[in-house]
Amino acid sequence: MDSIKLFINQSIIILILIVSIAVLTLVTFILPVELANYEKDLYLLVIKTISFLFVFKMILKINFLHLISNDKFNRIDALKILLLAVTYSVLFNYYVVNFTIGENMLMNKHSIIKSIELFFVAPLLEEILFRGIIQKRFNQELNYFLSIMLTSILFSLYHATYQYLFSHLAFSMVVGLIYHKYNSLLLCVFFHSLINIGIFTIYSL
């Protein structure tokens, strides 16, 4: 029975990937260039989101409701995270790291698809992976400091930007501390989203 379920799950994932590739191919070669680029961004975003969620659910057996079932925070906690995000964006990124978004993102700063991915989808998927799965499992074997540090190292390597390795490491450690203190995945997603919005806003001015 387990082997049958595994086969079905793998078949569904493969089918989704095949359909997604087929749709992207049709969009690229049939639609006008301007529309194709826009549609390509949309389909890539959808494919990435679906792929992540299917991997989380079917391969890693993650229960999304369980991840947030223990989320208990109040408005004061949310306000603290908001103030921390504003302070971090302005002081740390602007004065210390001198982080830049990149020419490609600045050229597409009015793109709805890019904004949705940067501000909402990426924070959600990354926090599910790094806080809801990786850090949570490290916590079962290690003390909280080592758990946060190892998770942050993996977070930095995942983003694969050597010149901003320290900024990603520091950012992930802050989010890891938030997760340790509040045990809230939603607050981590909220903070991550605010940081992305703050960085984009500062360097788009």
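The values are calculated or read from the model by the stated rules, or taken from the named source; none is laboratory data. Keep in mind that what you see is a predicted model, and the values were worked out from it rather than measured. All Cβ positions, glycine included, derive from the backbone under ideal geometry; neighbour counts span all protein chains shown.
Tabulated results
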read-out: Those residues of the range 141-184 which are part of a loop (DSSP other than H, G, I, E, B), without any contact (Cβ under 8 Å) to a residue 40 or more places away in the chain and surrounded by 14 or more Cβ atoms within 10 Å (Cβ to Cβ), in sequence order; value: L142
read-out: Condition check for S167: modelled with pLDDT under 90 and of a type in the set (S, T, Y); value: yes
read-out: Total residues in the range 140-191, condition over 14 Å from L129 (Cβ atoms) and among the small types (G, A, S); value: 5
